[in-house]
Amino acid sequence: NAGVTQTPKFRILKIGQSMTLQCTQDMNHNYMYWYRQDPGMGLKLIYYSVGAGITDKGEVPNGYNVSRSTTEDFPLRLELAAPSQTSVYFCASSIGNTIYFGEGSWLTVV
Amino acid sequence: TQLLEQSPQFLSIQEGENLTVYCNSSSVFSSLQWYRQEPGEGPVLLVTVVTGGEVKKLKRLTFQFGDARKDSSLHITAAQPGDTGLYLCAAKGGATNKLIFGTGTLLAVQP
């Protein structure tokens, strides 16, 4: 019963490097989300998707890109990492009013 | 722009005290949820409210959805150290149905 799986769990990046946070879900949910969370704060929506082939910007999309080629996968791409992108990233999927979160990815940009 | 404002942002109280956390917006939502999050973990759903004026109780926690479905409150009676955590409201509405989270309330209950 995997649910939402995101990798890596921890990563340190140098300024200007690029990387992809992977997210996959095995529940056949149409809705998927990427959030970032700074310490002691709420989650801010980066991008979301309502189904394969469809993505849309959330509250803080700048500096990120996503794709949704399949129902299962929703990777988040950072092209030119900046210190402001140091945060915890949560992937999630939902059906109805129930949302399922991944375990989080801790990203530090130095 | 944050659509969901929570207050207070931080709250430190003694065990046994009561407290209320507020979640306010200028937008109308089809549903609103409350989550609790502990350090190093993802948010855990506490409750979902969908009807204006709705009140739900979960042991010592009472949740209320405003009549106009723009705001909500979470009241904790006789707080315990185990209630310590980050409390988040979240809501979705409109055609996109995207889920937006509030600014968060960090609660510390001292024994």
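Quick note: the coordinates plus some simple rules give every number you see, no bench work behind them. Keep in mind the model is a prediction, meaning the values are calculated, not measured. So basically every Cβ, Gly included, is an ideal-geometry build from the backbone, and we count neighbours across all protein chains shown.
Farthest towards the positive end of the charge dipole of chain A, among the residues A:S84, A:N28, A:V4, is the Cα of A:S84, using unit charges on the Cβ of Lys, Arg, Asp and Glu. Pairs from the list A:K44/B:K59; A:K9/B:K59; A:K9/B:K70; B:K56/B:K92 with a Cα-Cα gap above 26 Å: A:K44/B:K59; A:K9/B:K59; A:K9/B:K70. Between B:E15 and B:E41, the simple label model (points 7 Å from Cα in the Cβ direction) yields a spacing of 2.0 nm.
Panel order for A:S93, A:S69, A:S49, by other beta carbons found within 10 Å of each beta carbon, from fewest to most: A:S69, A:S49, A:S93. Which whole number in µm²/s is D for chain A by Stokes-Einstein, with the Kirkwood Rh taken over Cα pairs at 20 °C and 1.002 mPa s? Taking Rh from Cα pairs, D becomes 156 µm²/s.
Suppose every Lys and Arg Cβ carries +1 and every Asp and Glu Cβ carries -1, with no other charges. What dipole size does chain A come out with about its Cα centre, to the nearest 20 debye?
The calculation lands at about 260 debye.
Taking amide H as placed 1.01 Å from N in the peptide plane, the amide H of A:T86 sits under 5 Å from that of A:V109, each at least 5 places away or on another chain. Ordered from longest to shortest, the equivalent ellipsoid semi-axes for the protein assembly as shown are 30, 20, 15 Å, each the square root of 5 times a Cα gyration tensor eigenvalue. Backbone amide hydrogens, once placed in the peptide plane, bring B:S31 within less than 5 Å of B:K92, excluding anything fewer than 5 places away on its chain.
With Cα atoms defining each centre, the range A:43-100 and the range B:17-75 are spaced 24 Å apart in the structure. When you work out D = kT/(6 pi eta Rh) for chain B at 10 °C and 1.306 mPa s, using the Kirkwood radius from C-alpha pairs as Rh and the Stokes-Einstein form, the result is 114 µm²/s. Under 5 Å from the amide H of B:T103 lie the amide H atoms of B:Q6, each residue being 5 or more positions distant or on a separate chain, with H modelled from the backbone and absent for Pro and chain starts.
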